[in-house]
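Take a look at the structure set out below.
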Amino acid sequence: SRPASTIARSDIIRDNPKNNVTDTIFSKLGTNLHQRPEHPLGIIKSAIFEYFEQSDPGKFKLFEDLYPVVTTAQNFDELLIPSDHVSRSDNDTYYVDENTVLRCHTSAHQAELLREKHENFLVIGDVYRRDTIDATHYPVFHQMEGVKIFDEGEQDVEAVREDLKRTLEGLAKHLFGDVECRWVDAYFPFTDPSIELEIFFNGEWLEVLGCGVMQQKILDSNFGEGRKAWAFGLGIERLAMILFDIPDIRLFWSEDERFLKQFKAGDLSSKFKSFSKFPPCNKDVSFWISDQFTENNLCETIRGIAGDIVEEVKLIDEFTNPKKGKTSHCYRIVYRSMERSLTDEEINDVQDRVRSVIVDDLGVELR
Ligand code: PHE
């Protein structure tokens, strides 16, 4: 496996019917924000690693440069994700070709690391998901995966789950101080039982991670029989937004000094002070949808034209005309830059291009 920084456009954007990787996505590959010690994502990574080091010195090995282009076997099959699971659809996942994807979670590396006989490890990396657009969703984000295998003597699933809960509640307190935690039941194909941790923050319960006892089959077939393990996966942006008061996920990609200068390596106490309160500009667009229309495709198209000046895309009206058998959607697109004020001219130009490209590429009919 090679470093992501050596990736070439032709490696991932191919003339293949299944390929849905865009130039916008290609431009993010190899950035490795989590490897910048002064960046909020790098600060969280170090704090998590430090927590595991403090609790169990030398036990967990950290992988932070695993290649983000993986096989569908790694991303899905080896994790026992059923063949009809939604996450496999090309509406949700970036495909390079039928058998190759941009990893949609760091769990994609579990099986290979188990086969290499690693017993306790952490993996941090960029992950890719097609999605809608708002302040907390971006098609590239970062996850940290953790796996711990227990000694041969430990066979009690309940004890494994208790160790997992204790470990992750400890992590939450390491990051957030004395925060209230609660556990809710969850489902992941690769763990059983599966649970999610929520923390109480600013008057709300927020889901921060998914985890569980590793499916025995995954452990048996990749590592060897007769052991028990737990696994967890957490979203780094989510934690960073809560911890540092960062209001919009696009800020992580900003090269603006006014953002970057607010954070210091090793310092979890910074609170982000907004430097731009530039006004948002709303533009609505209404159209009759086509049969293949999806919101993810719409958002990808808009992101491809507007880049990071699009803050949100929301459906504000929908109706079906029974006589014509057609459905109309009205979307509100919110434009705003984190870094500068946008001119009417610039926004009108972007909006005009959005209107024409959605007709050409998504086959919708403007109203
Ligand atoms: N991969 C899961 C996700 O992305 C998180 C997870 C990791 C859950 C490991 C359980 C065990 O949502």
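The values are calculated or read from the model by the stated rules, or taken from the named source; none is laboratory data. No experiment lies behind these values; they were computed from the predicted model shown. Cβ atoms come from the backbone with ideal geometry, glycine included; neighbour counts cover every protein chain shown. In case anyone asks, the SASA skips ligands and DNA or RNA and just uses the protein heavy atoms, side chains included. Shrake-Rupley method; radii C 1.70, N 1.55, O 1.52, S 1.80 Å.
Test of understanding: among Arg130, Arg88, which residue is among the basic types (Lys, Arg), within 27 Å of Thr22 (Cβ to Cβ) and open to solvent by less than 30 Å² (accessible area, probe 1.4 Å)?
Values: Arg88 fails: open to solvent by less than 30 Å² (accessible area, probe 1.4 Å).
Selected residue: Arg130, the only one of Arg130, Arg88 that is among the basic types (Lys, Arg), within 27 Å of Thr22 (Cβ to Cβ) and open to solvent by less than 30 Å² (accessible area, probe 1.4 Å).
Go through segment 139-156 and give me each residue that's farther than 30 Å from Val21 by Cβ and within 16 Å of the ligand (Cβ to nearest atom). Even if it seems obvious, please write down each step before you answer.
Looking only at segment 139-156, we keep the residues that are farther than 30 Å from Val21 by Cβ, and these are 148-156.
Once the filter is applied, which keeps residues that are farther than 30 Å from Val21 by Cβ and within 16 Å of the ligand (Cβ to nearest atom), segment 139-156 yields Lys148, Ile149, Phe150.
From (1) open to solvent by 10 Å² or more (accessible area, probe 1.4 Å); (2) not in a strand (DSSP E or B), pick out the condition that doesn't hold for Lys148.
(2)
Any residue in segment 5-13 that is modelled with pLDDT of 95 or more and over 30 Å from Phe272 (Cβ atoms)?
For segment 5-13, residues modelled with pLDDT of 95 or more and over 30 Å from Phe272 (Cβ atoms): absent.
For residues in segment 29-61 being among the polar types (S, T, N, Q) and not in a helix (DSSP H, G or I), which is surrounded by the most Cβ atoms within 10 Å (Cβ to Cβ)? Spell out how you get there, then give the answer.
If we filter segment 29-61 for residues that are among the polar types (S, T, N, Q), which is where we start, we get 31-32, 35, 46, 54-55.
Restricting the remaining residues to those that are not in a helix (DSSP H, G or I) gives 31-32.
Numbers: Thr31: 14, Asn32: 21.
Top of the filtered list is Asn32.
Is it true that Asp163 is farther than 30 Å from Thr301 by Cα, among the acidic types (Asp, Glu) and either modelled with pLDDT under 95 or part of a strand (DSSP E or B) (or both)? Explain how you work it out, then say what you get.
Numbers: farther than 30 Å from Thr301 by Cα: yes; among the acidic types (Asp, Glu): yes; either modelled with pLDDT under 95 or part of a strand (DSSP E or B) (or both): no.
So Asp163 does not fit the description; no.
Identify all residues within segment 175-208 that are surrounded by fewer than 16 Cβ atoms within 10 Å (Cβ to Cβ) and hydroxyl-bearing (Ser, Thr, Tyr); write none if there are none.
Within segment 175-208, just Tyr187 meets the criteria.
Spot the failing condition for Ala159; the list is (1) farther than 16 Å from Arg227 by Cα; (2) surrounded by fewer than 14 Cβ atoms within 10 Å (Cβ to Cβ); (3) of a type in the set (A, V, I, L, M, F, W, C); (4) away from the ligand (no atom under 16 Å from the Cβ), and only one is missed.
Among (1) farther than 16 Å from Arg227 by Cα; (2) surrounded by fewer than 14 Cβ atoms within 10 Å (Cβ to Cβ); (3) of a type in the set (A, V, I, L, M, F, W, C); (4) away from the ligand (no atom under 16 Å from the Cβ), the lone unmet condition for Ala159 is (1).
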